[in-house]
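Reviewing the structure listed below.
No value in this document is a laboratory result; all are computed from the given coordinates. Owing to the predicted nature of the structure, the values given are computational and were not obtained by experimental measurement. With ideal geometry, Cβ positions are generated from the backbone for all residues, glycine too; neighbour counts draw on all protein chains shown.
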């Protein structure tokens, strides 16, 4: 049995694990710099907490790597149901930082079940789509995948955790496209969101309406469906002011300060301004480890997780950021290539979904660091502090390596 497991490990894509371990090392070095000079016990410092979680992360990596794919396929719906219960449990506990995200079990740290919901939803989607591959020409078959992602996403959104809810939703479109869903059906799923976003500017909404007319004309659905789709999206656009009113005040400020940080430099725009200052101050080669003024004078908020790349930029420079971007690009491209090459449809879909999750995390984290998008509480995989996220990330690495091996009697 041990020989069989070792053979499986040799046949896996070890470069995926090597990149993950290197990025984890970068994260630990950065967290150590952040923790320098902090008083208190070890479990009050992000470096020691992250180091503590690394061993469990490697253990769950080995467990997930050696689970047979047929076992994953068979029991994923049961795991999906259990996951729904887990993300509901925080609502029964105490409110932490105005949210209900963590489960407390009497330890110095909490457990965030929504981090594990990301990859569980992907696997559940992969099973459904691989089992219904021949029926994907019908739009009705696409309704079930939407429901599969909407249930956990809606619960997480109410915790509230908008960033994680978006990550749960993101893989559904790439996975539907990968399995062969009609592009017009994917357009119908995206259209309502675009209608809402473009409705705030009359010119953009007019251009979008013209695009809708063209796409519907080319797709040639029946007349009633065409009219319903077009005017339904126009109606959604008219509802945009109502939906804007449903956003919390801090969410509105984050969006507005993206376009004009000066309107609230000490409030909603403070994080973006300090982050860009830190990255710019690092220059090409950085100020040196432990020498970041924005970091150690505490001007930069949430530096251990959401804005850890700003610390990297200030202390190690643009070169270090470029290296991280290159490594993440290699990691994601390698995952997508494995998805393309693997013969098993279920495995291929899981790899696409996991690759999409990593892509979304990396893009959002880097983009919000430099003010390209509104601030969202999404950590950088392997680098940012977070025990639950570290465990979840290594499980996803294990699944990528596990399911990318050609089906055999493992």
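Taking Cα pairs under 8 Å and at least six residues apart, what relative contact order does segment 2-403 come out at, in percent?
26
Need one number: nm distance between label points at residue 206 and residue 184, each 7 Å from Cα along Cα→Cβ, rounded to one decimal.
Between residue 206 and residue 184, the simple spin-label model gives 2.8 nm.
For segment 313-381, rounded, prolate or oblate, judged on the Cα gyration tensor with a ≥ b ≥ c (square roots of eigenvalues), a/c < 1.5 rounded, else prolate if a/b > b/c?
On the way: a/c = 3.99, a/b = 1.89, b/c = 2.12.
Judged from the Cα gyration tensor, segment 313-381 comes out oblate (a/c at least 1.5, b/c at or above a/b).
Which FRET efficiency value, to the nearest 0.05, do you get for residue 18 and residue 284 by plugging their Cβ-Cβ distance into 1/(1 + (r/R0)^6) with R0 = 30 Å? Can you show the working numbers first?
On the way: r = 26 Å, r/R0 = 0.88.
Calculated transfer efficiency: 0.70.
Classify segment 265-367 as rounded, prolate or oblate from the Cα gyration tensor: take a ≥ b ≥ c as the square roots of its eigenvalues, call it rounded if a/c is under 1.5, otherwise prolate when a/b beats b/c and oblate if not.
Numbers: a/c = 3.89, a/b = 2.20, b/c = 1.77.
Cα axes put segment 265-367 in the prolate bin.
Find the relative contact order for segment 69-228 and round it to a whole percent, using C-alpha pairs within less than 8 Å whose residues are 6+ positions apart. Present the calculation step by step, with values, prior to reporting the outcome.
Working: 131 pairs, mean separation 29.3, N = 160.
Relative contact order of segment 69-228: 18 percent.
At a Förster distance of 35 Å, what's the computed FRET efficiency of residue 104 paired with residue 166, Cβ-Cβ distance as r, to 0.05? Intermediate values should be presented prior to the final figure.
On the way: r = 26 Å, r/R0 = 0.73.
Here the calculated transfer efficiency is 0.85.
With a ≥ b ≥ c the root eigenvalues of the C-alpha gyration tensor of segment 2-403, is it rounded (a/c under 1.5), prolate (a/b larger than b/c) or oblate?
oblate
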